[in-house]
1. Hey, what number do you get for the chain at 222 nm if only DSSP H runs of n ≥ 4 count, each worth -39500 (n - 2.57), divided across all residues, to the nearest 500?
2. Take every Cα-Cα distance within region 33-110, group them into 10 Å bins from 0 onward, and report for each bin the whole-number percent of pairs it holds.
3. What size of dipole, in debye to the nearest 20, comes out for the chain about its Cα centre when the only charges are +1 on Lys and Arg C-beta atoms and -1 on Asp and Glu C-beta atoms?
4. Straight-line reach from LYS3: which aspartates and glutamates have a Cα under 18 Å away, not including same-chain ones fewer than 8 places off?
5. How would you classify region 196-250 from its alpha-carbon gyration tensor, with a ≥ b ≥ c the square roots of the eigenvalues: rounded for a/c under 1.5, else prolate if a/b is greater than b/c, otherwise oblate?
6. Where the centroid of each part is defined by its Cα atoms, how far is region 31-51 from region 109-161 in Å?
7. Which residue, PHE278, ALA80, PHE222, has the largest displacement toward the positive end of the dipole of the chain when charges sit on each Cβ (Lys, Arg +1; Asp, Glu -1)?
8. Around GLY249, with a cut-off of 10 angstrom between Cβ atoms, what is the net charge of the other residues, counting Lys and Arg +1 and Asp and Glu -1?
Amino acid sequence: MTKDMSYDVIMERRTEIMKTAVGIDYEIFESGSIAFDYERMMKETGYSFQEIKEIQETTGVGNTPVYELRNITQLARKFAPKGKGARIFIKDEAGNPSGSFKARRAATACYHAKRLGYKGVIAATSGNYGAAVASQAAMLGLKCIVLQECYDSRGIGQPEIIEKARACEALGAEVIQLSVGPELFYTFLVLLEETGYFNASLYSPFGIAGVETLGYELSMEFREKEGRDPDVVVITNAGGGNLTGTARGLIRAGARDTKIVGASVSLHGLHMASDTQFNKKSFTTGHTGFGIPFATWPDRSDVPRSAARPLRYMDRYVTVNQGSVFYMTELLAQLEGLERGPAGNTALSAAFYLAQEMDEDQIIVVQETEYTGAGKHINPQLTFAKENGIEIIIGDPSKEIPGKNIILPKDPSYIKIEELDLNKTKKSYIKNAINHVKATNATKEDLDFLVEDTKSNIEFVKTTLDELGISH
Ligand SMILES: Cc1ncc(COP(=O)(O)O)c(C=O)c1O
């Protein structure tokens with residue numbers, strides 16, 4: 001008898017399908033209330049930190065170089081008050097196989113899939129992660145399927161997403177391209193069910209533990225070269241795994257004083273799931289369209305509990321506009337001789353401004369770069385934007401309206417950040433955590449969990465619960 005693969009039946013069975021496909025029973029971490037045991041879930045990877053390093057070394061992942069951006073630092077100092085202008089460094093993650101830090105996430109996921117005897121891996125992603133999984137799967141002799149949300153209903157795709165499809169196919173993956181809409185998750189579940197492959201989720205503990213090596217390496221490299229940890233690490237933030245993994249790695253190394261700043265491209269006012277707005281953006285990751293919803297509710301991801309929980313680690317969250325990131329991409333290429341893709345340059349744009357707030361002898365680090373390629377370049381992106389009715393202007397980026405125009409800064413003094421109100425984000429997260437389990441009361445365990453999960457304190461959590469009418 002053939003299996004019923006109708007939408008309702010598949011959705012009904014999603015927990016069971018996920019359990020089989022990721023090999024983790026998430027129910028064992030649940031308390032039945034708001035809290036769940038995050039650290040226990042992270043330990044369930046079953047690999048020590050040393051083992052993860054070794055897994056990554058086997059496939060050439062990690063140990064990427066760090067560059068000091070002397071010319072960009074000098075430029076930042078021109079606009080900074082006297083004595084200000086921290087030294088800016090960048091960790092060149094483009095040196096990983098497949099060209100981004102995502103190789104760290106994919107290495108552990110693919111290794112684990114292979115060890116458990118799965119024949120292949122599936123990843124639902126329109127980003128660099130697809131290429132990372134395809135590359136690691138190729139090295140380990142696993143089959144690979146990448147599921148991408150790629151086109152609008154006219155069949156037109158963002159050049160960067162098309163670029164990533166090309167990379168996945170070149171690395172031997174089967175790429176399934178969908179148009180924007182709700183069928184992605186259903187298709188993902190059907191594929192898992194039909195193939196019996198491993199769900200190489202971006203949000204599993206394996207993936208996030210893989211990024212810890214990045215933060216750890218940073219601390220070790222700076223201690224060796226500069227005799228101390230960086231003062232600030234700026235991290236491009238979307239789904240939160242980059243930030244979570246890096247911050248956990250820094251903590252693992254004992255770098256407890258290093259401040260963690262999340263940075264996203266502002267796509268304020270654009271709706272990600274809208275067919276007509278899908279192609280109005282010039283950035284496909286590292287933007288607020290992912291950054292804010294995933295920070296305020298990480299468990300919206302493709303596993304029951306996301307291991308990426310950025311609010312747990314973030315000290316500040318800032319945004320930059322699209323035009324500034326394009327501009328910074330050119331600065332990095334033309335002043336430092338490093339031609340890299342947009343994602344890392346988002347954090348770099350923020351770092352350029354943040355450095356001007358810091359003392360000259362301080363250290364600010366952008367913890368990643370990504371490869372660049374045909375669809376990621378500025379030219380195809382700006383051409384595509386124009387074709388989609390976006391006006392390209394040179395002027396004051398603070399006036400940029402996502403979806404209407406892109407404003408390139410008139411000069412580097414116009415590169416600024418906007419500070420997001422983290423307390424507001426934390427409150428929104430707490431509200432979502434309560435709604436998720438329809439709680440009317442918070443236990444002592446819940447309070448402690450919410451304090452940890454929002455990097456706040458007990459007064460903050462209690463006040464928020466009072467505002468929401470939740471007893472505790
Ligand atoms: C190169 C690069 N940097 C940063 C990010 C953001 O990472 P995360 O989604 O874990 O926040 C991504 C994710 O798409 C990426 O591919």
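1. Working: 18 runs with 212 residues, N = 472.
My calculation for the chain gives -14000 deg cm²/dmol from helical runs alone.
2. Per 10 Å bin, starting at zero, the Cα-Cα P(r) for region 33-110 comes out as 16, 28, 23, 20, 13, 0 percent.
3. Values: 53 positive and 62 negative charges, 76 e Å.
Its charge dipole is roughly 360 debye.
4. Excluding near neighbours in sequence, the set is GLU12, GLU16, GLU193, GLU194.
5. Numbers: a/c = 4.44, a/b = 2.23, b/c = 1.99.
It comes out prolate by the Cα gyration axes.
6. Measuring centre to centre over Cα atoms gives 25 Å.
7. Projecting each Cα onto the dipole axis, the largest value belongs to ALA80.
8. Charge balance near GLY249 sits at +1.
A short reminder: the numbers here are calculations on the coordinates, not readings from a lab. Remember, predicted model here, so these are calculated numbers, not experimental data. Cβ sites come from the backbone with ideal geometry, for glycine too, and all protein chains shown count toward neighbours.
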